[in-house]
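Below is one structure, written out as structure tokens, with a few remarks after it.
The values are calculated or read from the model by the stated rules, or taken from the named source; none is laboratory data. Keep in mind it's a predicted model, so treat the numbers as computed, not measured. FYI the Cβ positions are ideal-geometry reconstructions off the backbone, even for glycines, and counts take in every protein chain you see. Keep in mind that these areas ignore ligands, DNA and RNA; they rest on the heavy atoms of the full protein, side chains included. Shrake-Rupley method; radii C 1.70, N 1.55, O 1.52, S 1.80 Å.
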There are 2 protein chains.
Amino acid sequence: MSGFDLRPIGPDDLETICRHRHEMFKVSGRTDEMVAPMTEHFRPWLKPLLDDGRYFGWFALSAGRAIGGVGMMVIDWPPHPSHPTQSSRGYVLNMYVEPELRRMGLGRQLMELCSQEAERRGLDYLVLHATKQGRGLYEKLGWAATSEMALTIAK
Amino acid sequence: MSGFDLRPIGPDDLETICRHRHEMFKVSGRTDEMVAPMTEHFRPWLKPLLDDGRYFGWFALSAGRAIGGVGMMVIDWPPHPSHPTQSSRGYVLNMYVEPELRRMGLGRQLMELCSQEAERRGLDYLVLHATKQGRGLYEKLGWAATSEMALTIAK
């Protein structure tokens, strides 16, 4: 496989996770300036969850530097035909690999850690939101599109 | 419009909401027996949220009987480009109208109550999961498919 190490994330990784999420959303013509308000609000939202482990995940390392990563949360959710006896589902977010290191198997390794952790925690069902670039990998790993729809409320 | 009254739901409506959710999921060949475990787990999950108003919504009434309804929750969510300064989104669920009373505008009226309530609460962004039957109505009201994907964890 690749020559990258993987390690669990922890409270000291706040800034790097924010950077990965920021870069992840700089697609479809979004600039730093456009993404910045989200990042500024994401940081204080994440901190308590990262501190107490409600947000968890892994980094991929190259020469000690986190060049990619993924996060997970267990979210409260009404029991549903896809998880009829559980009132939670796993949410996978902030999947990111630096552009020049893509297509080397890192995304797959990170996603497999998520599935293993879900199994370890006894979760029946995971969701994520895919970028256009990520969709193919997720499909290969067995993920399928849901029927989710969204509406932005006009101001 | 239609001759149906609408009223907000409350704690006494627990069983009717469970019945609507149960019937809503009896599609695609799912029988009562297949949906029952979900309903049995949904009821105790819903009760505290309905009691304290974290789950709210409306019923459509015909001769005093709830022949349809919809529910909403405000869910915690990481700030996202679709709601960069908010760490929450609205979730619309349990949209149901009895089959013989569909295509009379009730679904639209219920969904408009959701949008108005979202506006009143200052929510930027709503999500739902559509049944095949519901998708057309939601699209007419401005909703669009998201990139959500899901994975069932094998046991």
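Regarding B:Gln116, is this residue polar (S, T, N, Q) and in contact with a Leu (Cβ under 7 Å, 6 or more places away or on another chain)? Considered against the rule, which asks whether it is polar (S, T, N, Q) and in contact with a Leu (Cβ under 7 Å, 6 or more places away or on another chain), B:Gln116 comes out as no. Once segment A:118-140 is narrowed to residues that are farther than 14 Å from A:Leu93 by Cα and facing chain B (nearest Cβ under 7 Å), the residue that is surrounded by the fewest Cβ atoms within 10 Å (Cβ to Cβ) is A:Glu119. Taking each residue of segment B:75-93 that is farther than 17 Å from B:Leu49 by Cα and within 7 Å of chain A (Cβ to nearest Cβ) and looking for partners that are hydroxyl-bearing (Ser, Thr, Tyr) and open to solvent by 40 Å² or more (accessible area, probe 1.4 Å) with beta-carbon atoms closer than 7 Å, six or more apart or interchain, yields B:Pro78/B:Ser87; B:Pro79/B:Thr85; B:Pro79/B:Ser87; B:Ser82/A:Thr152. Scanning segment A:141-155 for residues that are of a type in the set (Gly, Ala, Ser), under 15 Å from B:Ser82 (Cβ atoms) and open to solvent by less than 40 Å² (accessible area, probe 1.4 Å) returns a single hit, A:Ala150.
Of these, A:Trp45, A:Trp77, A:Trp58, which one is closer than 18 Å to A:Leu110 by Cβ and of a type outside the set (D, E, K, R)? Can you show your working first?
Details: A:Trp45 fails: closer than 18 Å to A:Leu110 by Cβ; A:Trp77 fails: closer than 18 Å to A:Leu110 by Cβ.
Of A:Trp45, A:Trp77, A:Trp58, the one residue that is closer than 18 Å to A:Leu110 by Cβ and of a type outside the set (D, E, K, R) is A:Trp58.
Within segment A:94-105, restricting attention to residues that are out of contact with any His (no Cβ under 8 Å at 6 or more places or on another chain) and either crowded, with 17+ Cβ neighbours inside 10 Å or at the interface with another protein chain (Cβ under 8 Å from one of its Cβ atoms) (or both), the residue that is nearest to A:Leu123 (Cα to Cα) is A:Met95.
Of all residues in segment B:96-155, those satisfying the criterion of being among the hydroxyl-bearing types (Ser, Thr, Tyr) and touching a residue at least 12 places away in the same chain (Cβ under 8 Å) are B:Tyr96, B:Ser115, B:Tyr125, B:Thr131, B:Tyr138, B:Thr146. Annotation: of all residues in segment B:14-65 being of a type in the set (A, V, I, L, M, F, W, C), open to solvent by less than 10 Å² (accessible area, probe 1.4 Å) and within 21 Å of B:Arg103 (Cβ to Cβ), the one that is nearest to the other protein chains (Cβ to nearest Cβ) is B:Phe59. Scanning segment B:56-69 for residues that are of a type outside the set (D, E, K, R) and without any contact (Cβ under 8 Å) to a residue 24 or more places away in the chain yields B:Ala63, B:Gly64.
Does segment A:89-110 include one or more residues that are under 29 Å from B:Glu119 (Cβ atoms), over 12 Å from the mean Cα position of the chain (by Cα) and modelled with pLDDT of 95 or more? Scanning segment A:89-110 turns up at least one residue that is under 29 Å from B:Glu119 (Cβ atoms), over 12 Å from the mean Cα position of the chain (by Cα) and modelled with pLDDT of 95 or more.
This table checks each residue for (1) hydrophobic (A, V, I, L, M, F, W, C); (2) in contact with a Leu (Cβ under 7 Å, 6 or more places away or on another chain); (3) part of a strand (DSSP E or B).
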{"residue": "B:Thr85", "(1), (2), (3)": "no, no, no"}
{"residue": "B:Asn94", "(1), (2), (3)": "no, no, yes"}
{"residue": "B:Gln109", "(1), (2), (3)": "no, yes, no"}
{"residue": "B:Lys132", "(1), (2), (3)": "no, no, no"}
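Answer yes or no as to whether B:Ser87 is touching a Phe, Trp or Tyr at 6+ places or on another chain (Cβ under 6 Å) and either of a type in the set (Ser, Thr, Tyr) or surrounded by fewer than 19 Cβ atoms within 10 Å (Cβ to Cβ) (or both). When the stated conditions are applied, B:Ser87 passes them.
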